[in-house]
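Q: Dumping the structure here so I can ask a few things about it.
Bear in mind these aren't lab numbers, they're just calculated from the coordinates by the rules spelled out. Predicted model only: the values in this text are computed from it and were never measured. Virtual Cβ from ideal backbone geometry, glycine too; neighbours counted across all protein chains shown.
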Amino acid sequence: MTAVDVPQLVAQAREGRPRAVARLISLVEGASPQLREVMAALAPLTGGAYVVGLTGSPGVGKSTSTSALVSAYRTAGKRVGVLAVDPSSPFSGGALLGDRVRMSDHASDPGVYIRSMATRGHLGGLAWAAPQAIRVLDAAGCDVILVETVGVGQSEVEIASQADTSVVLLAPGMGDGIQAAKAGILEIGDVYVVNKADRDGADATARELNHMLGLGEARGRHDWRPPIVKTVAARGQGIDEVVEALEKHRAWMDERGVLAERRAARAAREVETIAVTALRARMADVHGDAQLGALATRVAEGDLDPYAAADALLASLTEA
């Protein structure tokens, strides 16, 4: 891969040039040898963007809701970045659906940057490169970053660890009322949105969700209680109320120091992930090594337990 002039690329991204932003995210996705240089250059420029995650089951209208939120924030004069995470194609490894098709209304707006990212087999509803891509959009001057996950199930809740505010979308007639009684995705929301509220059953879905939230953890008088907003995103109905709920949650977090805590926890997970990835790479270097083979043989023969073998292998990595 041809080396790039990272300082120049970052400067161009700060000027709002979409090609520079795209190149930086491509360096992230491709795990470029210059990735460390890119992250070092971006670090002092980050921390200004408000990151909103949107998640929910397939078909609830995440892309339509994201597009409607982009319109609302642009009307307010905000620069908006969108990371739309799609399932990976089993053939090319690229994003299978391409949410940019469903957000074509914003394609020519210089104040909006939209990027589809493939999960590439990563579980949790996000792409593995999402945290670094968020940093790129933050450094590029986006005021708001909307991260739309793939259609997720109950256990795929990674967005809660990457966003400042998590929005969980539901729709009537899709079994979400039953899902509300179960642990998982419906426990991570800071704001809940019942989309397609013009359909029968929307009020019942909202009532059941409100009931389940009431059965959750005991909340103090000053604790955040997630609001439930009904929308028809395809017509823009209720979107202003969603933005209002998001701004109230942001103000609540700022007032109590919760936002800083969440961002510190997010940074800790990012550092841990990078360290674990580096460790796995070193493990790959010794895979097939005589020591690993000898340890595996001893474990298979019952002469050594796997924990002791792992300790020995880690010790060898530390010494290397």
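Q: Given a Förster distance of 35 Å, report the FRET efficiency between Ala11 and Trp224 from their Cβ-Cβ distance, rounded to the nearest 0.05.
A: The formula returns an efficiency of 0.35 here.
Q: Could you list log10 I(q)/I(0) for the range 34-81 at q = 0.14, 0.18, 0.22, 0.23 Å⁻¹, which the Debye formula gives when each Cα is one point scatterer?
A: Here the Debye-derived log intensity ratios amount to -0.56, -0.75, -0.85, -0.87.
Q: Also, quick follow-up: With a Förster radius of 22 Å, plug the Cβ-Cβ distance of Arg298 and Ala278 into 1/(1 + (r/R0)^6) and report the FRET value to the nearest 0.05.
A: Once rounded, the FRET efficiency stands at 0.25.
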